[in-house]
1. Please label the shape of region 262-301 as rounded, prolate or oblate, based on the square roots a ≥ b ≥ c of the eigenvalues of the alpha-carbon gyration tensor (a/c under 1.5 means rounded; beyond that, a/b larger than b/c means prolate, else oblate).
2. Please report, in Å, the Rg and the Dmax of the chain, where both are computed over Cα atoms only.
3. Determine the shape class of region 19-75: with a ≥ b ≥ c the square roots of the Cα gyration tensor eigenvalues, call it rounded for a/c under 1.5, and otherwise prolate if a/b is greater than b/c, oblate otherwise.
4. Cα centroid distance between region 1-69 and region 113-170, in Å?
5. Taking square-rooted eigenvalues a ≥ b ≥ c of the alpha carbon gyration tensor, is region 272-322 rounded, prolate or oblate, where a/c under 1.5 means rounded and, failing that, a/b exceeding b/c means prolate?
6. Report the one residue of 13, 310, 118 whose Cα lies farthest in the direction of the positive end of the charge dipole of the chain (charges on C-beta: Lys and Arg +1, Asp and Glu -1; origin at the Cα centre).
7. May I ask you to list the aspartates and glutamates whose Cα is less than 14 Å away from that of residue 16, ignoring any residue fewer than eight positions away on the same chain?
8. How big is the equivalent ellipsoid of region 1-135 along its three axes, where each semi-axis is √(5λ) from the Cα gyration tensor, reported in whole Å from largest to smallest?
Amino acid sequence: MSTATAIAHPNIALVKYWGKRDSTLNLPATGSLSMTLDIFPTTTTVSLDEDAAGDILVFNGDERADGPAERVTRFLDIVRELSGSAVAARVETVNTVPSAAGLASSASGFAALAVAAAHAYGLDLDARALSRLARRGSGSASRSIIPGFAIWHAGDSDETSFAEAVDAPDLAMVVAMVEKREKPVSSREAMRRTVLTSPFYPAWVSSTAESLDAAAEACRAGDVERLGRITEVNALRMHALIQSCDPPIRYLSPVSVEIFDRVAALRDAGIGAWATADAGPNVVVLTRPESVTAVTNALEGIAELAVARPGPAAALVTRAGE
Ligand code: 2P0
């Protein structure tokens, strides 16, 4: 029996992925840029089982037979097709990120699953191929394969849509966990609704492509101020876009908005700090490492806080069997 265990970390996008051009291949409408974190890892073990009738998913100790299990099976079907194997697998995953709270749990989840499944099924994939594979599970997972800062190139085919590392200045993130409950509308459904109903969607696609070029340039040049400004503007544009759906969706809560205000006040006081938020009420503050204490002091008491630095690539931990 072949078994492999892998570990991956979530990532937070500075320039966001919101909207697909192809939902079968999970090709995004625009490229994106992110930092992989060094906190909240997901550890996943994939064990092939020749006698099993179907795949089994055990998520944080509970066997699941619902949506997440079907999504894992659809992903494993891609791995089985690539490897020429028809064998079912048992997938055990332990996620330390608060699940479905807009903190990129599917990114670390599918990145860890991609690495573990590729090894368990005997595929020899380089980082680019792993990023493409992880993308099929969840778009943002393509970036969690990569350490530190990553650009996910939108591409226009399975071969050309992958993430790769980009040089960046020394940065940190302060994660403000406003709520840990499941979000009311999944990113996948909200993206679909955005593409179908928002009159602002074409403007989002064109402006995000420009923001990505500018952010990549700022990253390479080590221009923290410019990168920070692009990050906060892009996040607020994404939330404005999401709120413009019919029926509308609003992920930010009053506490999230209060955090954006406190971060703006920090900037007025001369501290380089910029806020972003994914598909949920949690807010992540991008800052220089030396300003982390100023940020945590400013957010003290409003939310549970965690400090992250650029994290490692998704990696194999152990492997056994043929
Ligand atoms: C991002 N998010 O760039 C954006 C910003 C959330 C807000 O990627 O449908 O779970 O699995 O490809 O990757 C969340 O969406 O969506 C996401 P699927 P995913 O991080």
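1. prolate
2. That works out to 19.1, 64 Å for Rg and Dmax.
3. It comes out oblate by the Cα gyration axes.
4. Answer, in whole Å: 11.
5. Prolate, because a/c is 1.5 or more and a/b exceeds b/c.
6. Checked the options; the winner is 13.
7. Cross-link targets: 210, 213, 232, 278.
8. Equivalent-ellipsoid dimensions as semi-axes: 24, 17, 14 Å.
We did not get these values from a lab; they are worked out from the coordinates using the rules stated. As the structure is a prediction and not an experimental result, all values here were calculated from the model. Here Cβ is always computed from backbone atoms with ideal geometry, including for glycine, and neighbour counts include all displayed protein chains.
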